Amino acid sequence: MKNKLVLFLLAAVALLALPLVAQGFGQGWVRIAALALLYVMLALGLNIVVGYAGLLDLGYVAFYAVGAYLYALLASPHLAENFPAIAAMFPEGLHLPIWLVVPLAAAVAAVAGIVLGA
């Protein structure tokens, strides 16, 4: 049990440091890491929705679609380009770090999955 906890903590620290290390090799590697983390969220969504609720279609689609599209909108300039109100609030562009975007997308996707599952 203690070995698993230590391994989990080491993996968590390594994943937290991954974008910082990847940034040193160029933005392409950061995008690859972001895509990989997106698929990790997808796999977690499948395990959570099927394991606890038994609803594969609705919750899984909500978790994937809402989380993925929210991540894509927050991590790209398209949100400010397509919504004038957001462009007015953020004249320099909406630049959110991956540390904020991924948990925010996961939280919104989880709420959407719960609402659709209910």
note = So for R0 = 30 Å, FRET eff. of ILE32-PHE90 from the Cβ-Cβ r, to 0.05, ends up at 0.70
task = Work out from phi, with θ = phi - 60° and the Karplus expression 6.51 cos²θ - 1.76 cosθ + 1.60, the ³J(HN,Hα) of each residue of segment 83-96, listed in order in whole Hz, and give x for Gly and Pro.
result = 10, x, 5, 6, 5, 6, 6, 10, x, 8, x, 8, 10, 9
³J(HN,Hα), Karplus 6.51/-1.76/1.60, whole Hz, each residue of segment 14-21, x for Gly, Pro = 5, 5, 5, 7, 4, x, 5, 6
Calculated from backbone phi, Karplus (6.51, -1.76, 1.60) coupling profile of segment 69-79 in Hz, x at Gly/Pro = 6, 5, 4, 5, 5, 6, 9, 10, x, 5, 5
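Just so you know, all these numbers are worked out from the coordinates, no wet-lab data involved. Quick caveat: nothing in here was measured; it's all calculated off a predicted structure. In this analysis, Cβ positions are derived from the backbone assuming ideal geometry, glycine residues included, and neighbour counts consider all displayed protein chains.
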